[in-house]
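Beneath this line is the structure, given in structure tokens, with notes to follow.
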Amino acid sequence: MKKTIENSDEFKKFTEEYNENINFLNSFSNLIFYNGRIISIFSENHMYSVSTILIDNSIKTLNSIKLCCSIGSFTDANTLLRKLRDDLILYVYILNVVNNRKVFVEEDIKNLKTENQDDFFESFSNLRFNPEFDDNERAVIAWLGNLVLQESGSVKNRLSFENYMKYLKQNGNINKILQDYNLQDYWETLRRRLNNYIHNNGIQFTSHNLIKEFDSQLEIHLKNINIRTSYVVTFFLVLVIMTESTLISSTDMMDYLNCDEEPPEGCQYEIAPFIQNFLDEKVVKIHPELKQFLRDNNGYGMKIN
């Protein structure tokens, strides 16, 4: 058999580790769907749901990256890696914007009557939806409604990686993780390296699209893709936990309900086993103390071991 990259020992070793990221995102998408978690945002006249489309799209991107690697097109693979990064961070950005949205008029919230049930229901029924939207909220609504091209430049500019990170850093826990656990430095290094491929900053970055099976640097190229991919997917999970940690909940609650059984108290705080495994195997590699921070500071008290 003629040796190719795809049938080489180097690629087989690469694939074993690389597929862990594909399997993780696939399991995560299925988990969100099975648990029936509904996340939505209202515009002036429409409700938009936040689906797993960006996660599912990222699974396809991961497969495309692997295909590029199998034919030695590492320039293309790294270019797609930036797309993977941007799409996954966009998902977390959308979650944050939706969580921060003040759905009702603040004055109406203050006037809610809680003295008795009848007064509460009457005052609640009079709540008005907040008609004001900032540029980040308009950007999310435009993206979900496929209306980005109709928006102003100030709104379109919110849909950029730079703005995603700027917005996410407003979350104190996310900012602390970036600063205290050295994630900011590597994130910036990764940004520069991927940009070199996007902008073709020299002949060497073009030559990385022409790697052959006998190239002495093949294993290094494959290893770099694995390291960068694992970091992006792991950082994505960290951000999700700091933003909407209920998404990592196990299926226990739904399993009991589907069997017409009463869920035991506290089972909603249990996390899916594959999430725990990923935390144990991947997150600790980023920083040995990061898992403890996620355990202590996730917003819903999810039971991370």
Could you tell me which residue of segment 272-293 is farthest from N19 (Cα to Cα), considering only residues that are crowded, with 18+ Cβ neighbours inside 10 Å and among the β-branched types (V, I, T)?
I286
Selection from segment 168-194 of residues that are in a loop (DSSP other than H, G, I, E, B) and open to solvent by 50 Å² or more (accessible area, probe 1.4 Å)
K169, Q170, N182
Which one of these is within 14 Å of the chain's Cα centre (by Cα) and not in a helix (DSSP H, G or I): S27, S51?
S51
Selection status of S230, without any contact (Cβ under 8 Å) to a residue 60 or more places away in the chain, open to solvent by less than 20 Å² (accessible area, probe 1.4 Å) and not β-branched (V, I, T)
no
May I ask you to list pairs of residues, at least six apart or on different chains, whose Cβ atoms are under 6 Å apart, with the first in segment 176-205 being under 21 Å from N297 (Cβ atoms) and the second being open to solvent by 30 Å² or more (accessible area, probe 1.4 Å) and modelled with pLDDT under 90?
L178/Q184; Y181/H287
Condition check for S8: within 30 Å of N157 (Cα to Cα), at pLDDT below 95, in contact with a Leu (Cβ under 9 Å, 6 or more places away or on another chain) and not acidic (D, E)
no
In segment 53-75, is there at least one residue being open to solvent by 90 Å² or more (accessible area, probe 1.4 Å), at pLDDT below 95 and either more than 30 Å from R191 (Cα to Cα) or not β-branched (V, I, T) (or both)?
no
For segment 228-244, indicate whether the set of residues that are in a helix (DSSP H, G or I) and charged (D, E, K, R) is non-empty.
yes
Test L210 against the criterion of being hydrophobic (A, V, I, L, M, F, W, C) and not in a helix (DSSP H, G or I), and give yes or no.
yes
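Considering only residues that are in contact with a helix residue (DSSP H, G or I) (Cβ under 8 Å, 6 or more places away or on another chain) and either open to solvent by 80 Å² or more (accessible area, probe 1.4 Å) or among the β-branched types (V, I, T) (or both), which ones fall in segment 257-268? Spell out how you get there, then give the answer.
Applying the first criterion (in contact with a helix residue (DSSP H, G or I) (Cβ under 8 Å, 6 or more places away or on another chain)) to segment 257-268 yields 262-264, 267-268.
Correct list: E262 only.
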Can you tell me how many residues in segment 203-227 are closer than 18 Å to K83 by Cβ and surrounded by 15 or more Cβ atoms within 10 Å (Cβ to Cβ)?
6
I need the full set of residues from segment 1-40 which are surrounded by fewer than 18 Cβ atoms within 10 Å (Cβ to Cβ) and closer than 15 Å to E213 by Cα, in order please.
M1, K2, K3, T4, E6, N7, S8, D9, E10, K12, K13
Picking from L159, L144, the residue that is at pLDDT 95 or above, under 21 Å from F133 (Cα atoms), out of contact with any helix residue (DSSP H, G or I) (no Cβ under 6 Å at 6 or more places or on another chain) and open to solvent by less than 60 Å² (accessible area, probe 1.4 Å) would be L144
Subset tally (residues that are closer than 15 Å to F28 by Cα and small (G, A, S)) for segment 250-279
2
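The values are calculated or read from the model by the stated rules, or taken from the named source; none is laboratory data. These numbers come from a predicted model, not from an experiment. Heads up, the Cβs are rebuilt from the backbone with ideal geometry, glycines too, and the neighbour counts pull from every protein chain shown. Side chains included, ligands, DNA and RNA excluded: accessible areas come from the protein's heavy atoms. Shrake-Rupley method; radii C 1.70, N 1.55, O 1.52, S 1.80 Å.
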